[in-house]
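Take a look at the structure set out below.
The values are calculated or read from the model by the stated rules, or taken from the named source; none is laboratory data. Small disclaimer: the values here were computed from a predicted structure and weren't measured. Neighbour counts are summed over all protein chains in view; Cβ atoms, including those assigned to glycine, are modelled from backbone coordinates with ideal geometry. Accessible surface areas use protein heavy atoms only, side chains included; no ligands, DNA or RNA. Shrake-Rupley method; radii C 1.70, N 1.55, O 1.52, S 1.80 Å.
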Amino acid sequence: MGPLSARLLMQRGRPKSDRLGKIRSLDLSGLELLSEHLDPKLLCRLTQLQELDLSNNRLEALPDNLGLSHLRVLRCANNQLGDVTALCQFPKLEELSLEGNPFLTVNDNLKISFLLPKLRKVNGKDASSTYSQVENLNRELTSRVTAHWEKFTATLGPEEEAEKTQADFVKSAVRDVRYGPESLSEFTQWRVRMISEELVASSRTQVHEADSPEKPPEAGAAHKPRARLVALKRPDDVPLSLSPSKRPLMKLEPLHFLQCHSKNNSPRDLETQLWACAFEPAFEEGATSQTVATCGGEAVCVIDCQTGIVLHKYKSSGEEFFSVAWTALMVVTQAGHKKRWSVLAAAGLRGLVRLLHVRAGFCCGVIRAHKKAIATLCFSPAHETHLFTASYDKRIILWDIGMPNQDYEFQASQLLTLDTTSIPLRLCPVASCPDARLLAGCEGGCCCWDVRLDQPQKRRVCEVEFVFSEGSEASGRRVDGLAFVNEDVVASKGSGQGTICLWSWRQTWGGRGSQSTVAVVVLARLQWSPTELAYFSLSTCPDKGIVLCGDEEGNVWLYDVSNILKQPPPLPAAPQAPTQILKWPQPWALGQAVTKTMVNTVVANASFTYLTALTDSNIVAIWGRP
C-alpha cells in the first residue's frame, strides 16, 4: 500500500461525499498501512471525522499532528504500535481499541487513562477501574515528587545556577522517586518526569515565593494518610483478609491472599487446586522480578507480588493447567527495532501447550504436544526457544518454538523424543551443562538423558538412573521434587520419606563409569514433613543457597543450605533441621479462617524478596521481605 489519497478516503468514508470535510466515519483497516502512509496534511482535512478504523495494518506509531480534534472512536487493533503518547492529540476520544499490539504493556494502558480523560471504553471494557488506579498512583507520585523537591531546594546555595539545578532536580527525581510495582515502573517514571518538569516550570514563575512555595493541588495529600495501591476489585480477584493473630517468624511476612483461579469467579470456591508458579525473567541483567505466573483449574494468572494486583488472566474452558514456564525473546520488528518479549508457556490436562503473550493479552501459539496430559514443562536455560514437555504418555519432548512471524504466531518444531519407563513429574536441565543433559524426577525414580542435538538419534531412552540406596530413599521410588541448588548440588525429594536429599552431580556423574544405574553421592539430608502424601514440589533460590518446600499443613519449610554445604566433610548423618518454618497464617474467606490446606508449590524470586505459595484450596499466598 502506498500513500493515502483523497480518492481512497472518499471511497472508504461515510457518509458518501465528494468533500473530505463531510466524512464522519472512515475505514482504513486491512490496507497494510505503515506509519509513514498516514499523511497529516491529507488527514487533517477530515475536519468532522468522529470514527476512524486503522485495524489490521502494520503501524508502529501514530503521527502526532493528524489534526483530528473531533475524533471519538479509534480502532487500532492488530498493529505493531509501541507507544501511545501520540493519542493525546485526540482529547475527545471516548472509545479505543488496541488489541493485538504485542509491544503495548500495562504501562501503556495507564498512560492512555492519563492522556485521555474522556475515554469510556478500552478494548471493549469499562475504563473506570484503570482511572481509579491511575488516580491513586498520580496522587502518591505527586506527593513524593513534591517532598523530593522541598528536600532538594533546601540544600541549594544562593550562588547555584537556577537552570542547571532545575535540570539536576528532574534527573534526580526520575532516578530516586519510586512507588508501586516494578511492572509499572515505566509509567511511574514517565509521570515523575512530567510532575518534576511542572514543578520546575511553576518555580520559574513564582521565584518571589521561593521560601514558601505554594504546593500544587495534588500535593495536599502529603499531609494525609498516603493512599495505598490495592488490588483492583475485579470479580475474579477476590482478596482474603489475614488473621492478625498469626505472624510469621523472622524476615518474611504474609502480604496477599488471592482466589484469582475461582471457577465462575465464585468467592465460594475453596476447592480448585493450584499446581505451579514461575517468576517472570528480569528485564535487566542483575535485576530481579516481582511478577509471578500461577496456574490451576482453567486459568493462568500473572500477579504483581508487591501490590497483589492480578495484572493478566488467561482462561481456557475445559482445561486444567498443571505447569507454567517463562522465556524471554528478542523480537525484531519490520522496521528493524528490537523489542524484548516475555512469553509464557502453559500446559495441562489436554496435552496442549499454549504460548501466551500476557502483556498484550492473547494466545499466540498452540502446540499439540501430547495425546495425554502434560505434567510439567520447562525452557532450556541454554536456548531461549527450546521447550521441554513431560507427559503422562511417558514421553518427554524437546521443542523449538521458534521466533514469531509478522503476525506474532509461532510454528514449533519437534527436536527430540525421550522415552521414560514411568510418568515424568519434574524436569531439571543439568546446571553445568543444560544443553547436554536433562534430569527428570519420575514416578519410578530419577533419570538422566543425553539431549545433545549433534547426536544422530532423535528418539532416546534413559541414559542413567540415579538411586538413593543409602538412607531412606531407594531404587524405583517416586521422585516428586527436583532442583539444582548451584552448579553441582541437586536437591531431590520422594514421597513418604520425611527428608530432602542433597547430592553432588559432579561426584555422582564422575564416578558412574559405564553403569546405567548409579547411586548418588549424598552430601546431606534435610528434615521435612513425615507425610505419606505425594507431589509437594520443592524449589531452590540458587543465588541465595535456599531450598523451599510446602507441606500438608499449609507450612513453608525453608532451608539455608549454603551454611550446611560449607561444613567440612563428613557432614552429620542425621537430617538437618530447617532454618525456618513459615506457619500457615490462617487467612479468612467467607467469614471463616482457612485453617488447614496443602501447599503444593513454593517459589521465590532470585533476590528472595517475594515468595509465592500455591495451595489445593484455591489460595495464592504471597510472602515478602519487610
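A few comments on the model shown:
- Evaluated at q = 0.11, 0.14, 0.16, 0.19 Å⁻¹: base-10 log I(q)/I(0), Debye formula over Cα of segment 436-573: -0.40, -0.64, -0.83, -1.15
- Using a Förster distance of 35 Å, the FRET efficiency for residue 317-residue 337 (Cβ separation, nearest 0.05): 0.45
- If you plug the beta carbon distance of residue 413 and residue 178 into 1/(1 + (r/R0)^6) with R0 = 45 Å, you get a FRET efficiency near 0.55.
- Inter-label distance for residue 44 and residue 190, nm, one decimal - labels placed 7 Å from Cα along Cα-to-Cβ: 2.5
- Packing around the peptides 140-146, 81-87, 455-461, taken as the average count of other Cβ atoms within 10 Å per residue, puts them in this order, highest first: 140-146, 81-87, 455-461.
- By accessible area, using a 1.4 Å probe on protein heavy atoms only, segment 538-587 has 55% of its surface on carbon and sulfur.
- Average silhouette area of segment 1-90, convex hull of alpha-carbon atoms, in square nanometres: 4.9
- Filtered GluC sites (Glu not before Pro), segment 483-589: DSSP coil and at most 12 other beta carbons within 10 Å: 487, 532
- Total lysine pairs in segment 445-601 at Cα distances under 25 Å, for residues eight or more apart or on different chains: 7.
- Ellipticity estimate at 222 nm from DSSP helix runs (n ≥ 4, -39,500 (n - 2.57)) divided over the chain, nearest 500: -5000 deg cm²/dmol
- Estimated distance in nm for a label pair at residue 459 and residue 51, the labels positioned 7 Å out from Cα along Cα-to-Cβ: 5.7
- Spin-label model distance (nm) - residue 16 vs residue 253, 7 Å beyond Cα toward Cβ: 7.0
- On a per residue basis, the chain carries 44 Å² of accessible surface, using protein heavy atoms and a 1.4 Å probe.
- Computed 3J(HN,Hα) for segment 293-306, one whole-Hz value per residue from the Karplus formula 6.51 cos²θ - 1.76 cosθ + 1.60 where θ = phi - 60°, is 9, 10, 9, x, x, 9, 10, 10, 10, 10, 10, 8, 5, 5, glycine and proline marked x.
- Set of lysines with alpha-carbon distance to residue 171 below 22 Å, sequence-local pairs under 8 removed: 111, 151, 215
- Per residue convex hull volume, Cα atoms of the chain, in Å³: 194
- Whole-Å distance, taken between Cα centres, linking segment 495-518 and segment 75-118: 54
- Cα centroid separation, segment 1-72 to segment 552-620 (Å): 58
- Other-chain or far-sequence residues with amide H under 5 Å of residue 445's (modelled H): 479
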